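Q: What follows is a structure written as structure tokens; I'll ask about it next.
The values are calculated or read from the model by the stated rules, or taken from the named source; none is laboratory data. Just so we're clear, the structure is a prediction, and the values are computed from it rather than from any experiment. Positions of Cβ are generated from backbone atoms using ideal geometry, with glycine treated the same way; all protein chains shown enter the neighbour counts. These area figures cover heavy atoms from the full protein model, side chains too; ligands, DNA and RNA do not enter into them. Shrake-Rupley method; radii C 1.70, N 1.55, O 1.52, S 1.80 Å.
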Amino acid sequence: MSSERPGRRRPRQIAFYGKGGIGKSTTSQNVAAALADEGKRLLVVGCDPKVDCTSLLTGELFQETVLEHVRSQSRNAEVGATLEGVVRTGYHGISCVESGGPEPGVGCAGRGIICAIELLEKKGYLEDDLDYVVYDVLGDVVCGGFAMPIREGKAEEIYLVTSGEMMSLYAANNIAAGIVKFASSGRARLGGVICNCRNVAGEVGLVASFAEEIGSRLVGVLPRDNVVQESELDQQTVIEHAPGSAQAQAYRALARAIEENDRFAVPRPLSRPRLRELAVQMVRAR
């Protein structure tokens, strides 16, 4: 396992990947809020066509996306090629932008990610004296667009969000394979695995074993707590809504682990039979 941060430079560019619905966006936004509380300057880039990657930070469910902005400019020549109004200021000054997706039934959703990152770079947002750029990326690595933060060397630190459920672990394992594919041509490295608990018996041990077998480690455990849903109903992070809660402390601990992390690796994804065998071993050991 590597002992030094890949391509260290400002800002640190990290990405959260995981199966759809695993709590990746909730995790990334709460980590961002916790880092902002410590005085860090962040840009969060939502890479999901659902446009919900920054809503807890901005309090907005329907933020204008980069693709919507680009489409409006193509219809109106008088609109300048700027990102004014698209990059919003959220909790504690966090800059937030949603890449968006194509019109329903047309085009590739991954194109929104490519367009957003290219425009952000062109306009200097990725060099604006930031400490972190955080990419929240949809689901599995299934197409070039969604893999772009890894493929183009934008995201150098990858964190896998998973639970002890098999489909979540399968997705995490596939993403690890995607990191391997692009590691030789870029700086992408796996920074660790995050267990977002679903109250599966023995899941923390299973996720920790999975992380170890792919050559990484468990960097955070997030308990299942109703305060997460309560905070989301108020369109806030747990850090803002319930700062004294145990859940907020778990997010802060994860943020500290990421901040202090200096262990990165090219993962060793498991074969599907081995992944299933590992899960069976953990079940039988209980």
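Q: When only residues in region 82-107 that are at pLDDT below 75 and of a type in the set (Gly, Ala, Ser) count, which is most open to solvent (accessible area, probe 1.4 Å)?
A: Per the stated criteria, the residue is 105.
Q: Which pairs do you get when a residue that is without any contact (Cβ under 8 Å) to a residue 40 or more places away in the chain, found in region 154-167, comes within reach of a residue that is outside any strand (DSSP E or B) and surrounded by fewer than 21 Cβ atoms within 10 Å (Cβ to Cβ), reach meaning Cβ atoms under 7 angstrom, with the pair 6+ apart or on two chains?
A: Pairs found: 165/198; 165/200.
Q: Can you name the residue in region 194-210 that is touching a residue at least 40 places away in the same chain (Cβ under 8 Å) and touching a strand residue (DSSP E or B) at 6+ places or on another chain (Cβ under 6 Å) and, of all such residues, is nearest to residue 163 (Cα to Cα)? Explain how you work it out, then say what you get.
A: Within region 194-210, the first condition is being touching a residue at least 40 places away in the same chain (Cβ under 8 Å), and the residues that meet it are 194, 196, 201-207, 209-210.
When the remaining residues are screened for being touching a strand residue (DSSP E or B) at 6+ places or on another chain (Cβ under 6 Å), the result is 194, 196, 204, 207.
Numbers: 194: 8, 196: 5, 204: 8, 207: 7 Å.
Filtering region 194-210 for residues that are touching a residue at least 40 places away in the same chain (Cβ under 8 Å) and touching a strand residue (DSSP E or B) at 6+ places or on another chain (Cβ under 6 Å), the one nearest to residue 163 (Cα to Cα) comes out as 196.
Q: Of the conditions (1) touching a Cys at 6+ places or on another chain (Cβ under 7 Å); (2) buried (at least 23 other Cβ atoms within 10 Å of the Cβ), residue 218 satisfies every one except a single condition; which number is it?
A: Result: residue 218 fails condition (2) only.
Conditions (1) touching a strand residue (DSSP E or B) at 6+ places or on another chain (Cβ under 7 Å); (2) at pLDDT 80 or above; (3) under 25 Å from residue 240 (Cβ atoms), marked per residue:
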residue: 41; (1), (2), (3): no, yes, yes
residue: 55; (1), (2), (3): no, yes, yes
residue: 63; (1), (2), (3): yes, no, yes
residue: 76; (1), (2), (3): no, no, no
residue: 80; (1), (2), (3): no, no, no
residue: 114; (1), (2), (3): no, no, no
residue: 128; (1), (2), (3): no, no, yes
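Q: Follow-up question, since we're still on this one. Do you know which residues across region 31-53 are surrounded by 23 or more Cβ atoms within 10 Å (Cβ to Cβ), aliphatic (A, V, I, L, M), more than 17 Å from residue 129 (Cα to Cα) and under 14 Å from the mean Cα position of the chain (by Cα)?
A: Within region 31-53, 31, 33 qualify.
Q: Let me ask something additional. Look at region 165-206 and say how many of its residues are β-branched (Val, Ile, Thr), open to solvent by 20 Å² or more (accessible area, probe 1.4 Å) and either over 18 Å from residue 15 (Cα atoms) or at pLDDT 95 or above (or both).
A: Step one: of region 165-206, the residues β-branched (Val, Ile, Thr) are 175, 179-180, 193-194, 200, 204.
Filter once more, so that each one left must be open to solvent by 20 Å² or more (accessible area, probe 1.4 Å): 180, 200, 204.
Narrowing the set further to residues that are either over 18 Å from residue 15 (Cα atoms) or at pLDDT 95 or above (or both) leaves 200, 204.
Residues meeting the conditions: 2.
Q: Mind checking which helices (runs of 4 or more DSSP H) fall wholly inside region 167-286 and carry at least 1 residues that are under 30 Å from residue 91 (Cβ atoms) and hydrophobic (A, V, I, L, M, F, W, C)?
A: Values: elements: 203-213, 226-233, 238-241, 246-260, 272-285.
So the answer is 203-213, 226-233, 238-241, 246-260.
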